[in-house]
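The values are calculated or read from the model by the stated rules, or taken from the named source; none is laboratory data. Nothing here was measured: the structure is a model prediction, and the numbers come from that model. Cβ: placed from backbone, ideal geometry, glycine included. Neighbour counts: every protein chain shown. Ligands, DNA and RNA are excluded from the accessible area calculation, which covers all protein heavy atoms including side chains. Shrake-Rupley method; radii C 1.70, N 1.55, O 1.52, S 1.80 Å.
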Amino acid sequence: MSAYHPLTAEEAIQLAKSLPGRFPDQAELECREIGDGNLNLVFHVTAKHSDHSLIIKQAVPYAKVVGESWPLSLDRARIEREALEMEHSLCPALVPEVYGYSDEMAYTIMEDLSEYTIMRKGLIEGNSYPKFAEHIGEFLARTLFYTSDLGMNQQKKKELAGRFINPDLCKITEDLIFEDPYRDSPNNSYPDSIADEAEALRGDTELHFEVTLLRHKFLTQGQALLHGDLHTGSIFVRAESTKVIDPEFAFFGPMGFDIGAVIGNLLLNYAATPGWAADPKAQQLREQRLVQMSQDVWNHYERNFRQLWNADLLDEMSRTPGYQDHYVLQVLQDAAGYAGCKMIRRIVGLSHVIDIDTIADATAREAAQRKALAIGKNLVRHHRSIKSIDDVIELVKQASGNEVSI
Ligand SMILES: Nc1ncnc2c1ncn2[C@@H]1O[C@H](COP(=O)(O)OP(=O)(O)O)[C@@H](O)[C@H]1O
Ligand SMILES: CSC[C@H]1O[C@H](OP(=O)(O)O)[C@H](O)[C@@H]1O
């Protein structure tokens, strides 16, 4: 019989105490459950009168946001922990350290990042993160290159892929991102004010064709080990430092999905900007910064990825002249398409983003929803003809209906 049960705060404290070297012997520990995500429990354990602390993240056997009617495998905790360890080994400065775990109890004990801000909140507050694009570009390039057939032994990659078969969490993405927004699904949720947009999405078969191509790639292309859910709520930031958390959707999939997740979420915040910055000058500055950041994320990714390819390529056939350019362009096109899909799902599907949903003024909120959908659709529709990141930005500007000079 399994020993699994959801931890109490007291049990989390006992667990923290039992970890050697993490707290002074006589420390008086306190614990709070702080999970604000859709799926898991997160315990924050701190020592009174000291700066020692840690996080215990535990999966529950269902999707917390929906309830027990949506069962989910506890194995996702192992997958998240192994992905965190892999990402930390490739990018130690950009991923929290794992201190301990239990697969049976589905928990991971890790470094406390409470001194950081969740990026989605920071962006809503209008903060700028000048190092972010450089950091996330490095994270994307290193994790994707070294887990692909380019940078990892190909037999080892096949074995590793077996550890990251993640059917429950992939099914969430397949349904919520690539299907529900385009049909009449009980999972969908949107206000009456944009019912016309939702109806148009359901009838747009040309758009469905492009989404189906992206969905097929997601289902079949085991290009690299992905984070799988790299939105701005899964990234902690400070002015000088960035940390990626929450890779429980990790699996071997198309590289562009992770890159597109970052860019799509920056663009969701971009679409929301008029709802947060009343002053036109401040609004313009924020918009320019977000568009520039989206462009920089790609540019840093591409520069790092090409450097790794030129220095550490294991696959001999991939030295064929022209192949690197072909490969990188495919990833860019995928990233643009996936960014668009991610934007659309956050407006009409299950699980929205606070960047848009918490805009107080109803007119500004609706305008943000419509702008996000326009950008998302434009990226999906045209992703296969994109030739450069400038083309991506052009599609964003075109759909925004306003000038964004960067
Ligand atoms: N390592 C950490 N340090 C500090 N806070 C964390 C850490 N990991 C998670 N949290 C907090 O818990 C919240 C939910 O965590 P997350 O991993 O996104 O859970 P879920 O998988 O349920 O989405 C985060 O938004 C953050 O506030
Ligand atoms: C029913 S899960 C919906 C949604 O939640 C996940 O996000 P997070 O774990 O960060 O809360 C993921 O984006 C899923 O698509």
*Which of Y146, L41, S128 sits closest to the plus end of the dipole of the stretch 35-175, meaning its Cα is farthest towards the positive end, when Lys and Arg get +1 and Asp and Glu get -1 on the C-beta?*
Y146
*Net dipole in debye of the stretch 117-400 [+1 Lys, Arg Cβ; -1 Asp, Glu Cβ; about Cα centre; nearest 20]*: 480
*Please give the per residue accessible area of the stretch 117-400, computed with a probe of 1.4 Å over protein heavy atoms only, in Å².*
39
*What residue among G340, G264, G100 has the largest mean-square fluctuation in a Gaussian network model of the chain, using Cα springs under 10 Å?*
G100
_Students often forget the sequence filter, so: which lysines lie under 28 Å Cα-Cα from K156 once same-chain residues fewer than 8 apart are removed?_
K171, K217, K243
*Averaged per residue, what accessible area in Å² does the stretch 9-110 show with a 1.4 Å probe, protein chains only?*
48
_Kyte-Doolittle at least 0.5, axis length at least 20 Å by Cα - qualifying DSSP helices, the chain_ = 255-276
*Taking every Cα atom in the stretch 196-259, find the radius of gyration and the maximum pairwise distance Dmax, and write them in Å.*
15.6, 46
*Grab the alpha carbons of the stretch 32-95, take their convex hull, and tell me the volume per residue in Å³.*
96
_Looking at the chain as a GNM with Cα springs under 10 Å, which of Q58, Q330, Q221 has the largest mean-square fluctuation?_
Q221
*When the scattering of the stretch 146-301 is computed by the Debye formula from its Cα atoms alone, each counted once and equally, what is log10 I(q)/I(0) at q = 0.12, 0.15, 0.16 Å⁻¹?*
-0.68, -1.01, -1.12
*Give me the distance in nm between label points sitting 7 Å out from Cα along the Cα-to-Cβ direction at E68 and I354, one decimal.*
2.9
*So what's the projected area for the stretch 249-404, the Cα convex hull averaged over all directions, in nm²?*
10.0
*Can you spot the lysines whose alpha carbon is less than 29 Å from K281's alpha carbon? Ignore those fewer than 8 places along the same chain.*
K121, K131, K342, K371, K377, K397
_Quick check on the stretch 117-400: take the gyration tensor over C-alpha atoms, sort the square-rooted eigenvalues as a ≥ b ≥ c, and tell me if it's rounded (a/c under 1.5), prolate or oblate._
prolate
*asked:* Restricting things to Cα coordinates, could you compute the convex hull volume per residue of the stretch 255-294 in Å³?
replied: 42
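So, with a 1.4 angstrom probe, what is the percent of accessible area on the stretch 117-400 that is carbon and sulfur?
50
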_Taking 2.2 N^0.38 Å as the expected size of a compact globular protein, what ratio does the Cα radius of gyration of the stretch 1-135 give against it, to two decimals?_
1.13
*Share of the stretch 9-110's accessible area from carbon and sulfur, percent, 1.4 Å?*
49
*Please sort 233-244, 278-289 by packing, taking for each peptide the average over its residues of neighbouring beta carbons within 10 angstrom, highest first.*
233-244, 278-289
